[in-house]
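Asker: Submitted below is the structure of interest, expressed as C-alpha cells.
The values are calculated or read from the model by the stated rules, or taken from the named source; none is laboratory data. Nothing here was measured: the structure is a model prediction, and the numbers come from that model. Because the Cβ atoms are built from the backbone with ideal geometry, glycine has one as well, and the counts that use them run over all protein chains shown.
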Amino acid sequence: MIPNTNVDVLIIGAGPSGCVAASHLHNNGINIKVIEKSKFPRFVIGESLLPRCMDHFEEVDLLNCLKDANFEVKSGARFLKNDIICNFDFSKKHTPGWDWTWQVPRADFDNVLASELIKRGVDICFEHQVVDVIFNDEGISTTTIKDPLGNKYTIKANYIIDSSGYGRVLPRLLDLDKPSAIPEHSSIFTHVKDVRRPKGQEGTLITFDVIDKDTWLWVIPFSNGVTSIGYVGKTDFVESYKGSTSKRLSQMLQLSNYYHERFKELEYLFEPVYIKNYSKSVKKLYGKGYVLTGNSAEFLDPVFSSGVTFATESALKAAKLIIKESNQNTVNWEKEYTQYIKEGVDVFASYVKEWYAGNLQTLFFHRPENPKIKEQICAVLAGYVWDKTNPFVTKHKRIIKMIAQYLTLQ
Ligand code: FAD
C-alpha cells in the first residue's frame, strides 16, 4: 500500500509539457511529483518541433540531453502544391531566435526528457493514473491515483499542473471542455521504414504536400531511418475512405503525385492511427489550485506544428507563476497566464483559419515570392508569435486575407 502523501505541486503527465514544468520547478527547489499513466517509451503524435521550443528546453536545462540524442535537425519546412515549392528557411526569419530544431519520434524524445529528470531526482510514477481530483475552498487538492495493480491512493497538493495532453484530466473532471472554433478536421497516420529515402537533403526534409485546400500529407523523416507519414483532411473526406486504417491510408497516399512512389506498398510499423476532430478548447485555463498546460488546454491543428511548442511555452509560464506565487508575490493569472497564452494561440488560430480558407495557401504558392513577407511569415512558423515588431503577428486577423485578396486581383 502506497502511503498518502503531500506535495507542493502535482503534475499530471510526463509529456513535453509536464517535463518542462517539472524541470523548472525542481530546479527552483519546489517539492513536486509527476504522475504518468503510461510506461515510457510510449507512442504519441506531434513529431515536428518549432525553433521557439528550443528557448524553453534551454531555459529549464533540458537542451543538452536532447542534443546528445542525435535527432534529425529541422532547419525549415517545405510546402508543395502541384509543381510549386514553398521552402521556409528558419535562418531567414524576421524575429531573432533559434533557426533550427528537431523532427523526432516522440516515444524516444519524451523518454529522453523523462529519463533526464529521473536522473536529477524528480519523482515520476509511471503507470499510475489520475482518476479523480477534488479541491477544497482554499484550492488544496486531493487527487486519487490508481497504481498498476489497481490499488488507489491519494495525494494532497497546493497546486496541480494538468499536462495530461489528450487525457484532458481536469477538463473532463471539472467540465471545462468547450467546442473548438477550428473547423472539423481529422487525421490518419503511421510510421514506415523509409527504404526508398533519397540521399541528401531531399531525404531528410520535412514536407507538407498540399493535395487541396483541406487535405494535406505530412512527411517527417527521423534520423533512425523511419519516417512519419500522415494525412489531414475534412472529417467527411477522411471518412469517405472505407476499410481498415491501413487500407484507407494506402488509398489516400495515391493522392500524392510527389510521394506515392516513395511510400507505396511499404509495411506500416503500426496499424495507422485515426484521430477524429482533433481540435480541442477549454472554458478556462486556470482555477483555484490548478492550471492547464499543453494539449490539455488547447489544440488547434497540426498544420504549423505548434502543439509541442505551446505545450512547453504554457508549461514554463505556469511553472514560473507558481514559483512567483510561492514567493508571496501576487499573480494575476488572467493577465499573466490566460492573456499571454491566448495572444500566441490567437495568432496561430488565425493562420490555421486562413490556411483552410485558402488565403494563406495563396500567399505561400504565389509567384514571384516577396522575400520580406516570407521572412515575417517564417518567424511565425518558427513559433515566435509574441514578437510585436512583426506585422504578421500584430495584424494576424486581417493581413493574410488582405494580401491574398490583393494577389488574386492582380
Ligand atoms: P502529451 O504529449 O500528450 O503528454 C500527456 C501525457 O499525459 C501522456 O504521456 C499521457 O499518458 C499522460 N496522461 C494522460 N492522462 C493521464 C492520467 N489520467 N493520469 C496520468 N497521466 C496521464 N504537435 C507538434 O508540435 N508538432 C506536430 O507535428 C504535431 N502533429 C500532430 C498531428 C496530429 C494529427 C495531432 C492530433 C496533433 C499533433 N501535434 C503536433 C500536437 C501534439 O501531439 C501535442 O500538442 C503535444 O503532444 C502536447 O504535449 P503535452 O505534453 O501537452 O501532452
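Asker: Does any residue in region 306-326 that is in the same structural domain as Gly289 (by TED's automatic domain parsing) come within less than 7 Å, Cβ to Cβ, of a residue that is more than 16 Å from the ligand (Cβ to nearest atom) and among the β-branched types (Val, Ile, Thr) six or more places away or on a different chain, and which pairs are these?
Answerer: Every condition considered, the pairs that remain are Leu321/Val331; Ile323/Ile30; Lys324/Val331; Glu325/Val331; Ser326/Ile30.
Asker: Mind counting the residues in region 317-353 that are surrounded by 21 or more Cβ atoms within 10 Å (Cβ to Cβ) and more than 21 Å from the chain's Cα centre (by Cα)?
Answerer: The qualifying residues number 1.
Asker: Sticking with this one: Kindly indicate whether Ile12 is in contact (Cβ under 8 Å) with a residue 24 or more places away in the chain and touching a Leu at 6+ places or on another chain (Cβ under 7 Å).
Answerer: In short, no.
Asker: Out of the residues in region 271-280 that are part of a loop (DSSP other than H, G, I, E, B) and touching a strand residue (DSSP E or B) at 6+ places or on another chain (Cβ under 7 Å), which is surrounded by the fewest Cβ atoms within 10 Å (Cβ to Cβ)?
Answerer: Lys276
Asker: Restricting attention to helices (runs of 4 or more DSSP H) lying wholly within region 295-410, give those where 3 or more residues are touching a Ser or Thr at 6+ places or on another chain (Cβ under 6 Å).
Answerer: 307-326
Asker: Shifting gears a bit: Across region 91-110, what is the number of residues that are away from the ligand (no atom under 15 Å from the Cβ), in contact with a helix residue (DSSP H, G or I) (Cβ under 9 Å, 6 or more places away or on another chain) and of a type in the set (D, E, K, R)?
Answerer: Of the residues in region 91-110, 2 are away from the ligand (no atom under 15 Å from the Cβ), in contact with a helix residue (DSSP H, G or I) (Cβ under 9 Å, 6 or more places away or on another chain) and of a type in the set (D, E, K, R).
Asker: Please determine, by comparing only the residues of region 1-56 that are part of a helix (DSSP H, G or I) and more than 14 Å from the chain's Cα centre (by Cα), which one is farthest from the ligand (Cβ to nearest atom).
Answerer: Filtering first and then ranking leaves Asn27.
Asker: Of a type in the set (Phe, Trp, Tyr), free of Cβ contacts under 8 Å to residues at least 40 places away in the same chain and within 9 Å of the ligand (Cβ to nearest atom), is that true of Phe237?
Answerer: No, not satisfied.
Asker: Could you pull out the residue among Thr245, Thr293 that is touching a residue at least 12 places away in the same chain (Cβ under 8 Å) and outside the structural domain of Gly165 (by TED's automatic domain parsing)? Working first, answer last.
Answerer: On the way: Thr293 fails: outside the structural domain of Gly165 (by TED's automatic domain parsing).
Result: Thr245 is the single residue among Thr245, Thr293 that is touching a residue at least 12 places away in the same chain (Cβ under 8 Å) and outside the structural domain of Gly165 (by TED's automatic domain parsing).
Asker: I would also like to ask the following. In region 162-211, which residues are in contact with an Asp or Glu (Cβ under 9 Å, 6 or more places away or on another chain), among the β-branched types (Val, Ile, Thr) and within 30 Å of Leu363 (Cβ to Cβ)?
Answerer: Hits for region 162-211 are Ile182, Thr204, Ile206.
Asker: For region 281-302, which residues satisfy the criterion of being within 9 Å of the ligand (Cβ to nearest atom) and surrounded by fewer than 22 Cβ atoms within 10 Å (Cβ to Cβ)?
Answerer: none
Asker: Follow-up. List, please: which pairs have Cβ atoms under 7 Å, are six or more places apart or on different chains, and start with a residue in region 272-285 that is among the polar types (S, T, N, Q) and end with one that is near the ligand (Cβ under 9 Å from one of its atoms) and in a strand (DSSP E or B)?
Answerer: These pairs meet every condition: Asn277/Ser186; Ser279/Phe299.
Asker: Being free of Cβ contacts under 8 Å to residues at least 24 places away in the same chain, over 30 Å from Glu138 (Cα atoms), in contact with a Leu (Cβ under 7 Å, 6 or more places away or on another chain) and away from the ligand (no atom under 11 Å from the Cβ) narrows it down to one of His191, His260, so name that one.
Answerer: His260
Asker: Another question, if that's okay. Of all residues in region 359-410 being among the aromatic types (Phe, Trp, Tyr) and more than 19 Å from Leu80 (Cβ to Cβ), which is farthest from the chain's Cα centre (by Cα)?
Answerer: Checked region 359-410; the qualifying residue farthest from the chain's Cα centre (by Cα) is Tyr406.
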